[in-house]
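This report concerns only the one structure given below.
The values are calculated or read from the model by the stated rules, or taken from the named source; none is laboratory data. A quick note: this is a predicted structure, and the numbers were derived from the prediction, not measured. Here the Cβ positions follow ideal geometry from the backbone for every residue, glycine too, while neighbour counts run over all protein chains shown.
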Amino acid sequence: MQHTVLIVEDNDLNMRLFKDVLTLAGFRILEAGDGAFALRQATDERPDLIVLDIQIPGLNGLEVVRRLKKDAVLRRIPVLVVSAYAQAADRGRARANGSDGYLAKPFSPKALIASVEALLPTREPQTTGG
Ligand code: MN
């Protein structure tokens with residue numbers, strides 16, 4: 001079964017990277033460039049997982065996590081928070097707000113796929129090639 005991942009990222013190059021890596025890994029991708037649209041996409045599409053950049057316009061990623069985790073239904077969607085390595089305090093804040101995983105930029109494609117798959121326990125093992 002194909003899982004759907006909602007990618008929330010405002011930077012076009014980063015979005016492209018996320019999208020390419022996760023598409024190649026077999027995921028269906030939804031995109032949002034800001035926090036308000038991310039919450040709307042989560043509500044309307046119920047993705048299996050959300051990859052969420054902290055630094056996005058409008059509602060920032062931490063606020064998006066907080067709102068998702070307050071919702072009785074949406075709280076079940078695993079959230080992988082992504083932020084710049086320099087922003088070390090983000091990891092603690094993300095965890096405090098209820099995020100399920102954390103990945104610091106820059107990261108390798110392998111690390112991204114591993115982090116996503118770790119939050120999808122029912123996913124069938126797949127060969128990623130190479
Ligand atoms: Mn950003």
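Could you please let me know if Gly98 is modelled with pLDDT under 90 and more than 16 Å from Ile7 (Cα to Cα)?
No.
Would the stretch 60-81 turn up any residue that is within 16 Å of the ligand (Cβ to nearest atom) and exposed (fewer than 14 other Cβ atoms within 10 Å of the Cβ)?
No.
Which residue pairs have Cβ atoms under 6 Å apart, sit 6 or more places apart or on different chains, and have a first residue in the stretch 85-109 that is surrounded by 14 or more Cβ atoms within 10 Å (Cβ to Cβ) and a second that is in a helix (DSSP H, G or I) and of a type in the set (Gly, Ala, Ser)?
From the stretch 85-109, the pairs are Gly101/Ser115; Tyr102/Ala94; Leu103/Ser115.
Identify, from the list Glu9, Glu45, the residue that is touching a residue at least 12 places away in the same chain (Cβ under 8 Å) and within 15 Å of Leu112 (Cβ to Cβ).
Glu9
Out of everything in the stretch 40-95 that is over 13 Å from the mean Cα position of the chain (by Cα) and among the aliphatic types (A, V, I, L, M), what residue ends up being nearest to Leu30 (Cα to Cα)?
Out of the qualifying residues, it is Leu74.
Would you point out the residue of the stretch 38-58, among those that are surrounded by fewer than 18 Cβ atoms within 10 Å (Cβ to Cβ) and outside any loop (DSSP other than H, G, I, E, B), that is nearest to the ligand (Cβ to nearest atom)?
Arg40
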